[in-house]
1. Give me a comma-separated list of calculated 3J(HN,Hα) values for region 49-57, in order, Karplus coefficients 6.51, -1.76, 1.60 applied at θ = phi - 60°, integers in Hz, x for any Gly or Pro.
2. How high is the FRET efficiency between Ala56 and Glu82 when r is their beta carbon distance and R₀ equals 30 Å, given to the nearest 0.05?
3. To the nearest 500 deg cm²/dmol, what mean residue ellipticity at 222 nm is calculated for the chain from DSSP H runs of n ≥ 4 alone, each contributing -39,500 (n - 2.57), summed and divided by the residues?
4. Among Ile49, Ile130, Ile173, determine the one that fluctuates most according to a GNM of the chain built with springs between C-alpha atoms less than 10 Å apart.
5. What's the local net charge at Tyr188, with K and R +1, D and E -1, over the other residues with C-beta under 13 Å away?
6. Using the Cβ atoms and a cut-off under 15 Å, what net charge is assigned to the surroundings of His74, where Lys and Arg are +1 and Asp and Glu are -1?
7. Where the only charges are on Cβ atoms (+1 Lys, Arg; -1 Asp, Glu), what is the dipole of region 76-195 about its Cα centre, to the nearest 20 debye?
8. Cα atoms only, region 2-73: Rg and Dmax in Å?
Amino acid sequence: MYRLHGFSLSNYYNLVKLTMLEKGLPFEEVQVFPPPKPEFQQKSPMGKIPCLEIDAGRFLSESQVILDYLEETHPEPALYPEDPFARAKVRELMRVMELYLELPARRLYAQAFFGGAVSDETRQEVRAQIEKAGAAFGQMVRFDGFLAGGALTLADLAAVIHLPLVALATRRIYGEDLLAPLAGLPDYLSRLRQRPCVQTVLAGQKQASARLAP
Ligand SMILES: N[C@@H](CCC(=O)N[C@@H](CS)C(=O)NCC(=O)O)C(=O)O
């Protein structure tokens, strides 16, 4: 059985977990809390969470790599469209969310979630990056169905995991949700949250967060 290493407060861990649930794959969760012990690098070379243990001695890290591996080895239910261009467009959406929304927002997490502090310079830089990427993302998608058209794809799973975190971090740092200009986003995310697998992942996230609360 697959073993997924990581913890339920990590959005990258939760994205892989959600994908495995949507695909109906059996897996065991192995708790690894950051910072992982140095030995963890034997499984995940950069020490990053998540890491998927395929079988004894075989590990994969980097969420996108893991997702693509799972799609290739378990093509049903498909979470990418069949057409190569449409598949690439799904990856493009995922890349934009990850590189230009989630990663910049990550620079705010120390203050937004962990009691640290973020400099004014960082706040300004991140704000400009998220505003630009949010506008670009809004041009790329429609929120009235699934992000990439007719069917659920990995882009929707990435959106329901990453975007609420970006929105929350910006609310906490700037007093406003920098994703608010994406008018259809809240309803779209609410629809996705009705999926049982999404609810399972969010319940795990809530439990992990309650365990960390003082
Ligand atoms: N590019 C990586 C990012 C994963 C990542 O940043 N994971 C965080 C937790 S959300 C982590 O492992 N942090 C611990 C560290 O960087 O040492 C992926 O897609 O899997």
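What follows draws every value from the coordinates through simple rules; no lab data is involved. Because the structure is a prediction, the values reported are computed rather than measured. No Cβ is skipped: glycine too gets one built from the backbone with ideal geometry, and neighbour counts run over all protein chains shown.
1. Karplus values, whole Hz, x for Gly and Pro: 9, x, 9, 9, 8, 6, 7, 3, x.
2. Working: r = 34 Å, r/R0 = 1.12.
It comes to 0.35.
3. On the way: 9 runs with 113 residues, N = 214.
Counting only the DSSP helices, I get -16500 deg cm²/dmol.
4. Among Ile49, Ile130, Ile173, the largest GNM mean-square fluctuation belongs to Ile173.
5. Values: positive: Arg142, Arg191, Arg193, Arg195; negative: Asp144, Asp156, Asp187.
In short, +1.
6. Values: positive: Lys17, Lys23; negative: Glu22, Asp55, Asp68, Glu71, Glu72, Glu76.
Charge balance near His74 sits at -4.
7. Values: 15 positive and 15 negative charges, 32 e Å.
In total the dipole reaches around 160 debye.
8. 11.0, 32
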